[in-house]
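Written below as structure tokens is the structure these notes are about.
The values are calculated or read from the model by the stated rules, or taken from the named source; none is laboratory data. What you see is a predicted model; the values in this text were computed from it and never measured. All Cβ positions, glycine included, derive from the backbone under ideal geometry; neighbour counts span all protein chains shown.
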Amino acid sequence: MTDFLQPLKNFVITLKFITKGGKWYYAWLAFLAFFIVIGVGAYIRQIDQGLILTNMRDQVSWGFYISNFTFLVGVAAAAVLLVIPAYLYNFKPIKEIVLLGEMLAIAAIIMCLLFVVSDMGRPERGWHILPIIGAMNFPASLLAWDVIVLNGYLAINSIAVFYVLYRLSMGKEYKMSVLWPIVIISIPWAISIHTVTAFLYNGLSSRPFWNASILAPRFIASALCSGPALMIILFQIVRRVSKMEISDTAIFKIAELIAYAMGINLNTCTSDYTATTTWLPGCGWPLSLT
Amino acid sequence: MRKNTKKKIVSRPVDRRSVLKGTVMGLASLAIPFGTADASIWESFFQKHFREMNDDEKQEVIERMKTEYAEEYGVDFNIRTTNPIPGVLFGYGLDLSRCIGCRRCVYGCVKENNQSRDPQIHWISVLQFEKGHKWVNIFEEATKYYNPHEVPEEDFFYMPVQCQQCENPPCVKVCPTQATWKERDGITVIDYNWCIGCRYCMAACPYGARHFNWGKPRVAKEELNPEVHYLGNRPRMKGVVEKCTFCIQRTRENPGRYPACVEICPVGARKFGNLLDPESEIRYCIENKRVFRLKEDLNTSPKFYYFFAT
């Protein structure tokens, strides 16, 4: 019986571990809790009164929720920028912080899923989208594809991070033979989540500005700027306020990779605008939305 | 990360067996009995997709809905699930040279189809265009909220737009739950009890024909139309998408009736009929007038034909 309770005990030990900290730590937790409480309160009001509270209307039927979702998919996908140098090129400085990148990906994906659920008119019917018990419109609907890739990416990253942390907590090094297949899947999968998210928009012939073939590459390029940029900010804070060491080499390498991605991003961005604005006067439905 | 490389042992190893045991116990704890919850709530929660129900199940659902509606609105509804008539493919014609922009069709539709009055939902939008200015495919050149003392105005013409009942509907393709589909008589319908309210169909529709219940739909009791179809004008709930169904509750019946908008149009601009019947009025229009369809370049292939007859 003691064996059976062990995972629970381990969980309690860990829980104790994360609830210990200085006054700034508690202040930070209180700060976050404050916004969580506000958010939960707002969501309860939204459940009660409907999405009318968001001030979205038929003309602008997707707003802040969906744009946040899209941005965070990019942030999650950007973990690949750490995974590739860390595991594929065995680049030491980044290997030391790759776990943080993967954890950020997990957090971002969870936020993505929460944003999509918040955007749903009938969240309690979410099971309708599942295969077999629901009526998933696969492969016709790209939203069905997105459900698969996002949850898959969440699972892959959770397994990888959980495995490494678990081994470390046992006082053992992780085995590359176990981690390797996960890493190999996670790299194309990271690209796929943002590609499929771009396809969500891309596949709509009714929206000329979205219906551009360069959208998916552009999404990836911009994600590889914004995601790691967020990471650099976090790393700078983390290495100042905690004992965790993050080397300058790692941060400069990430900055360098962002610069490359930014080049591609600007190129795809201008290509997109040039192509779409050439026929601007008669652009169709989306412009009438304003 | 220095913290991790310290190799401090904070927890004890767990073997596979105890993980399995823990998982099973955890899952078992989820199976808490539902207790005294209202049965109808659970029935509606677990209601199957309309197309997967057999006739008995449909009947059960209809009975449950009648009770629910009676409780909510105090009105006895006649909810039908009439199937498409074989050999019928509905088509619509609209004579733009006749339309005076009076919006009677808009409000006739609202009344017939139990659309929410507050917040307002209109399945038909009448667009106002300046004569000789831009071609009608470009919707943003149009004014939707024109409000003069009298219509028609001198330098304008009007184009009502509603669901175009596409043969190749983009909304159906994108729906992640198959909550919307094209019936055999060509009408695209929605199962309001299956829609999750993601609004992807609204992003996909090039005609702005789909409308969302942003708030709880409100209709005064005495204004409700109790003759309804499950896939058409039955009262909706908040958080689902709705759209024109060519008045499925009228057109599928025997004897059939014209859609409310056709009936109410004071200038006879609206034509409706069976595209497969060579003798029908709509076929006459298509064969003898210079008809066009909106945004044909998008390959949606609407069954809604516009023309200038005079």
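Exactly one condition in (1) within 14 Å of chain B (Cβ to nearest Cβ); (2) closer than 17 Å to A:Pro228 by Cα; (3) crowded, with 23+ Cβ neighbours inside 10 Å is false for A:Leu100; which is it?
Unmet condition: (3).
Residue-wise test of (1) in contact with a helix residue (DSSP H, G or I) (Cβ under 7 Å, 6 or more places away or on another chain); (2) modelled with pLDDT under 95.
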residue: A:Tyr65; (1), (2): yes, no
residue: A:Thr70; (1), (2): yes, no
residue: A:Ala78; (1), (2): yes, yes
residue: A:Leu88; (1), (2): no, yes
residue: A:Ala108; (1), (2): yes, no
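Listed here are the residues, each with its yes/no results for (1) farther than 29 Å from A:Ala212 by Cα; (2) β-branched (Val, Ile, Thr); (3) out of contact with any Gly (no Cβ under 9 Å at 6 or more places or on another chain); (4) touching a residue at least 12 places away in the same chain (Cβ under 8 Å).
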residue: A:Asp146; (1), (2), (3), (4): no, no, yes, yes
residue: A:Val149; (1), (2), (3), (4): no, yes, yes, yes
residue: A:Val178; (1), (2), (3), (4): yes, yes, yes, yes
residue: A:Ile187; (1), (2), (3), (4): no, yes, yes, yes
residue: A:Leu200; (1), (2), (3), (4): no, no, yes, yes
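So, in segment A:13-26, how many residues would count as being under 16 Å from A:Arg240 (Cβ atoms) and of a type outside the set (Ser, Thr, Tyr)?
Count: 3.
Take B:Tyr158 and decide whether it is more than 10 Å from chain A (Cβ to nearest Cβ), in contact with a strand residue (DSSP E or B) (Cβ under 7 Å, 6 or more places away or on another chain) and more than 16 Å from B:Ser301 (Cβ to Cβ).
Yes, satisfied.
Please work out if B:Arg283 is surrounded by fewer than 23 Cβ atoms within 10 Å (Cβ to Cβ), at negative phi, touching a helix residue (DSSP H, G or I) at 6+ places or on another chain (Cβ under 6 Å) and not small (Gly, Ala, Ser).
The answer is no for B:Arg283.
For segment A:187-214, name all the residues that are farther than 28 Å from A:Gly63 by Cβ and either in contact with a Leu (Cβ under 9 Å, 6 or more places away or on another chain) or modelled with pLDDT under 95 (or both).
Correct list: A:Ile187 only.
Residue under question is B:Phe246, and the condition is that it be touching a helix residue (DSSP H, G or I) at 6+ places or on another chain (Cβ under 8 Å) and of a type in the set (A, V, I, L, M, F, W, C); does it hold?
Answer is no for this residue.
Would you confirm whether any residue within segment B:123-137 is basic (Lys, Arg), over 20 Å from B:Thr251 (Cβ atoms) and in contact with a helix residue (DSSP H, G or I) (Cβ under 9 Å, 6 or more places away or on another chain)?
The answer is yes; a qualifying residue exists.
Looking at segment A:159-174, I want the residues that are at the interface with chain B (Cβ under 9 Å from one of its Cβ atoms) and have a partner that is among the polar types (S, T, N, Q) and not in a helix (DSSP H, G or I) with Cβ atoms under 9 Å, at least 6 apart or on another chain. Which pairs are those?
Final answer for the pair search is A:Tyr166/B:Ser11; A:Ser169/B:Ser11; A:Met170/B:Ser11.
Looking at B:Ile138, is it under 27 Å from B:Arg283 (Cβ atoms) and surrounded by 15 or more Cβ atoms within 10 Å (Cβ to Cβ)?
Considered against the rule, which asks whether it is under 27 Å from B:Arg283 (Cβ atoms) and surrounded by 15 or more Cβ atoms within 10 Å (Cβ to Cβ), B:Ile138 comes out as no.
Is there a residue in segment A:66-82 that is within 12 Å of chain B (Cβ to nearest Cβ), in contact (Cβ under 8 Å) with a residue 40 or more places away in the chain and under 30 Å from B:His211 (Cα atoms)?
Within segment A:66-82 (the criterion being within 12 Å of chain B (Cβ to nearest Cβ), in contact (Cβ under 8 Å) with a residue 40 or more places away in the chain and under 30 Å from B:His211 (Cα atoms)), the answer is yes, since at least one residue qualifies.
Every residue in segment B:111-132 that is among the hydrophobic types (A, V, I, L, M, F, W, C) and either farther than 17 Å from B:Lys243 by Cβ or in contact with a Phe, Trp or Tyr (Cβ under 7 Å, 6 or more places away or on another chain) (or both), please.
B:Val126, B:Leu127, B:Phe129
For segment B:179-199, how many residues are surrounded by fewer than 23 Cβ atoms within 10 Å (Cβ to Cβ), at the interface with another protein chain (Cβ under 10 Å from one of its Cβ atoms) and over 13 Å from the mean Cα position of the chain (by Cα)?
0
Just checking, does segment B:61-78 include any residue being in contact with a strand residue (DSSP E or B) (Cβ under 9 Å, 6 or more places away or on another chain), in a loop (DSSP other than H, G, I, E, B) and surrounded by 15 or more Cβ atoms within 10 Å (Cβ to Cβ)?
Taking every residue of segment B:61-78 in turn, at least one turns out to be in contact with a strand residue (DSSP E or B) (Cβ under 9 Å, 6 or more places away or on another chain), in a loop (DSSP other than H, G, I, E, B) and surrounded by 15 or more Cβ atoms within 10 Å (Cβ to Cβ).
Identify all residues within segment B:131-155 that are more than 20 Å from A:Val60 (Cα to Cα), at pLDDT below 90 and charged (D, E, K, R); write none if there are none.
Matches in segment B:131-155: B:Lys131, B:Lys134.
State all residues of segment A:114-145 that are more than 11 Å from chain B (Cβ to nearest Cβ) and at pLDDT 95 or above; if no residue qualifies, say none.
Matches in segment A:114-145: A:Leu114, A:Phe115, A:Ser118.
Can you name every residue in segment B:98-117 that is outside any helix (DSSP H, G or I) and in contact with a strand residue (DSSP E or B) (Cβ under 8 Å, 6 or more places away or on another chain)?
B:Cys99, B:Ile100, B:Gly101, B:Arg103, B:Asn114, B:Gln115 - these are the residues of segment B:98-117 that are outside any helix (DSSP H, G or I) and in contact with a strand residue (DSSP E or B) (Cβ under 8 Å, 6 or more places away or on another chain).
Residues are listed down the side, and each one gets a yes or a no for (1) among the small types (Gly, Ala, Ser); (2) within 24 Å of A:Leu88 (Cβ to Cβ):
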residue	(1), (2)
A:Ser158	yes, yes
A:Leu168	no, yes
A:Ile187	no, yes
A:Ser192	yes, yes
A:Val196	no, yes
A:Gln236	no, no
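Can you pull out the helices (runs of 4 or more DSSP H) entirely within segment A:1-84 that have at least 2 residues that are loosely packed, with under 12 Cβ neighbours inside 10 Å and among the hydrophobic types (A, V, I, L, M, F, W, C)?
Because the criterion is at least 2 residues that are loosely packed, with under 12 Cβ neighbours inside 10 Å and among the hydrophobic types (A, V, I, L, M, F, W, C), the helices (runs of 4 or more DSSP H) in segment A:1-84 that meet it are A:2-19, A:23-49.
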